[in-house]
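Undergrad: Structure in structure tokens, see below.
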Amino acid sequence: MNPESANPAQTVGVIGGGQLAWMMADAAKKLGVELVIQTPEKTDPAVSISLRYPQGVAAHTILAPIDDSAATAQLATFCEVITFENEFVDLEALSQLQNVCFRPSLESLKPLLDKYDQRCYLRDRHLPTPQFSDFSDTKIPEFPIVLKTRRHGYDGQGTFILKNSAELETTLKKLGNQPLLLEEFVPFERELAVMAARSLTGEIIVYPIVETQQENQVCRRVIAPADLPVSTVQEVEAIAHTLLESLQVVGIFGIELFLTPDGKVLVNEIAPRTHNSGHYTIDACTTSQFEQQLRAVCGLPLGSPDLKSDGALMVNLLGYETSQSEYLDKRQQLAEVPNAFVHWYGKIESRPGRKLGHVTLLLDSLKDLRREAIELAQTIEQIWYGKSALTR
Ligand code: ADP
């Protein structure tokens with residue numbers, strides 16, 4: 001590794017080999033970057049990159065858990081910089097490694113890996129966030145409340161919306177002794193998200209703000225751009241700038257927010273990497289979030305985040321059964337929807353709620369983009385889940 005080199009990096013280590021790493025392959029090919037992936041299982045999506053591009057992207061894999069710092073030390077011998085597709089790493093152990101260039105840096109990640117620390121970081125910088133406590137005092141505010149495990153939460157795993165003390169008691173029993181975050185329930189009007197990137201030279205770009213729709217705390221749909229007053233757009237963009245600047249990010253971050261009924265925005269969560277709410281950028285933006293991540297961490301100038309169409313809709317294809325089917329028939333039907341781009345992650349097993357792929361549709365109606373998006377989402381979900389699953 002030569003982190004001081006002024007030349008753009010051409011070999012990038014990626015910690016984590018899920019679909020986010022898998023989706024870096026096209027961008028890596030375009031930029032002529034070699035990827036080396038650290039991931040535990042040979043069935044993980046990104047392991048197949050070299051199969052996908054037999055003569056294209058050079059990619060190889062170190063099969064090891066993502067929190068295995070000895071494996072990361074080995075990863076560092078193959079590449080100039082290391083970035084993350086999954087932040088559930090052992091920061092303490094990684095900080096012991098000598099002469100390894102992490103982008104974003106371990107210091108940028110430090111305040112974010114624990115949800116309580118993340119809330120404190122936001123509060124200390126006067127950025128709006130829901131009211132919270134570390135659950136050490138037993139004074140519970142009024143129900144409903146939201147209880148979260150402080151580490152390793154994703155796709156709503158570890159997030160519990162509780163309506164009464166009986167639910168609280170059952171959940172506490174289930175969670176045992178782990179550290180928890182307690183926060184106010186926000187009766188949001190909509191959920192928003194935004195991707196933002198910062199380069200090695202400190203340039204910041206912010207993608208369009210999107211509306212995200214969650215069911216059972218899992219993202220189902222993303223509509224880009226969100227229909228918002230200019231003042232809200234400016235506020236969210238300012239939050240993104242402040243965060244990336246204060247964390248001295250080199251890379252791309254996803255920021256999830258609540259929009260309250262009285263028009264306030266509150267930051268819910270910061271993801272220090274590419275994010276599900278940015279998948280639409282692959283087909284709908286001049287520079288995808290994956291290319292932007294590689295540009296930032298390689299030390300290249302950032303690309304334009306502009307939409308190429310008036311708007312876009314992204315629908316997640318979530319597993320709805322336990323099966324080893326490749327769903328070729330349904331994927332074919334989805335591909336036949338006009339302006340649809342189907343992305344299939346190649347996971348060998350489907351399980352309820354598992355993210356198996358997504359579909360992006362380009363929209364060209366500025367008049368009532370949200371309504372058009374919602375109608376199209378129903379068409380996609382009808383094909384994917386069928387009638388019975390729609391009522392889940
Ligand atoms: P994860 O890290 O698993 O994605 P989040 O904290 O983002 O967990 O929560 C997942 C979803 O749960 C959010 O998108 C939102 O729909 C709901 N949620 C989380 N926190 C709150 C809250 N304080 N008030 C209301 N809903 C919440």
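Bear in mind that the values in this text are calculations on the coordinates, not laboratory data. These figures come from a predicted structure and were not determined experimentally. A quick note on method: Cβ atoms are made from the backbone with ideal geometry, for glycine too, and the neighbour counts reach across all protein chains shown.
Undergrad: Can you list the residues, at least 5 places off or on another chain, whose amide H is less than 5 Å from the amide H of TYR320, using H built in the peptide plane?
TA: Those qualifying (amide H under 5 Å, at least 5 residues apart or on another chain) are GLY353.
Undergrad: What relative contact order, as a whole-number percentage, does the chain give when Cα pairs under 8 Å and 6 or more residues apart are counted?
TA: Numbers: 813 pairs, mean separation 53.7, N = 392.
Value for the chain: 14 percent.
Undergrad: Rank by packing, highest mean first: peptides 177-184, 26-33, with packing defined as the count of other Cβ atoms within 10 Å averaged across residues. Walk me through the numbers on the way to the answer.
TA: Working: 177-184: 16.4, 26-33: 19.0.
Ranked by mean Cβ neighbours within 10 Å, highest first: 26-33, 177-184.
Undergrad: To continue, here is another question. Using 7 Å Cα-to-Cβ label points, what is the LYS30/CYS120 separation (nm, one decimal)?
TA: Between LYS30 and CYS120, the label points sit 4.0 nm apart.
Undergrad: Another question about this same structure. Beyond 24 Å, what percent of the Cα pairs of the range 183-333 remain? Each step should come with its number before you reach the end.
TA: Working: 4007 of 11325 pairs.
Above the 24 Å cut-off, the range 183-333 has 35 percent of its Cα pairs.
Undergrad: In addition: When every alpha-carbon pair in the range 248-294 is counted, what percent end up more than 15 Å apart? It would help to have the intermediate numbers written out before the result.
TA: Details: 565 of 1081 pairs.
Every Cα pair in the range 248-294 considered, those over 15 Å come to 52 percent.
Undergrad: Around ILE37, with a cut-off of 9 angstrom between Cβ atoms, what is the net charge of the other residues, counting Lys and Arg +1 and Asp and Glu -1? Mind showing how you got there, number by number?
TA: Values: positive: none; negative: ASP44, GLU85.
Net local charge, ILE37 excluded: -2.
Undergrad: Could you estimate the translational diffusion coefficient of the chain from the Stokes-Einstein equation, with Rh from the Kirkwood formula over C-alpha pairs, at 37 °C and 0.692 mPa s, in whole µm²/s? It would help to have the intermediate numbers written out before the result.
TA: Details: Rh = 21.7 Å.
In µm²/s, the coefficient rounds to 151.
Undergrad: Under a point spin-label approximation (7 Å from Cα along Cα-to-Cβ), what is the SER136-GLU237 distance to one decimal in nm?
TA: 4.1 nm
Undergrad: Cβ neighbours within 10 Å, averaged per peptide: list 36-47, 328-339, 151-162 in order, most packed at the top.
TA: Working: 36-47: 20.3, 328-339: 13.5, 151-162: 16.2.
Answer by packing, highest mean first, reads 36-47, 151-162, 328-339.
Undergrad: State the Kirkwood hydrodynamic radius of the range 82-138 in Å, one decimal place, computed from all pairs of distinct Cα atoms. Present the calculation step by step, with values, prior to reporting the outcome.
TA: Details: mean 1/r = 0.0761 Å⁻¹.
By the Kirkwood definition, the hydrodynamic radius is 13.1 Å.
Undergrad: Apply 1/(1 + (r/R0)^6) to the Cβ-Cβ distance of GLN178 and SER309, taking R0 = 35 Å, and write down the FRET efficiency to the nearest 0.05. Don't jump to the answer; show the numbers that get you there.
TA: Numbers: r = 44 Å, r/R0 = 1.26.
Result of the calculation: an efficiency of 0.20.
Undergrad: Taking every pair of Cα atoms in the range 106-184, average 1/r, invert it to obtain the Kirkwood radius, and report Rg/Rh to two decimals. Before the final figure, lay out each step's value.
TA: Details: Rg = 12.8 Å, Rh = 13.2 Å.
Over the Cα atoms of the range 106-184, Rg/Rh equals 0.97.
Undergrad: Then there's this: Can you tell me which of 163-175, 206-218 comes out highest on packing, and rank the rest after it, using the mean Cβ neighbours within 10 Å?
TA: Numbers: 163-175: 12.1, 206-218: 18.4.
Taking the mean over residues of other Cβ atoms within 10 Å, the ranking is 206-218, 163-175.
Undergrad: Here's a follow-up. Starting from the Cα of LYS139, draw a straight line to each of the lysines and keep only those under 27 Å, dropping any in the same chain fewer than 8 residues away.
TA: LYS115, LYS148, LYS163, LYS173, LYS174, LYS264
Undergrad: While we're on this one: Label GLN378 and ARG351 with points 7 Å out from Cα along Cα→Cβ: what is the distance between them in nm?
TA: With each label placed 7 Å out from Cα toward Cβ, I get 3.3 nm.
Undergrad: Which stretch or stretches of the range 31-47 have amide N atoms under 15 Å from the point lying 7 Å from HIS60's Cα along the Cα→Cβ direction?
TA: Flagged as within label range: 34-39, 47.
Undergrad: Follow-up. Along its three principal axes, how long is the range 234-319 when you only count alpha carbons? Whole Å, largest extent first please.
TA: If we take the Cα atoms of the range 234-319, the spans are 39, 35, 29 Å.
Undergrad: Take the Cα radius of gyration of the range 259-392 and divide it by 2.2 N^0.38 Å, with N its residue count; two decimals is plenty.
TA: Values: Rg = 16.6 Å, N = 134, 2.2 N^0.38 = 14.1 Å.
Compared with the compact-globule rule of thumb, the range 259-392 sits at 1.17.
Undergrad: Further question on the same structure: Which three extents, in whole angstrom, do the alpha-carbon atoms of the range 158-218 cover along their principal axes, largest first?
TA: 50, 28, 18
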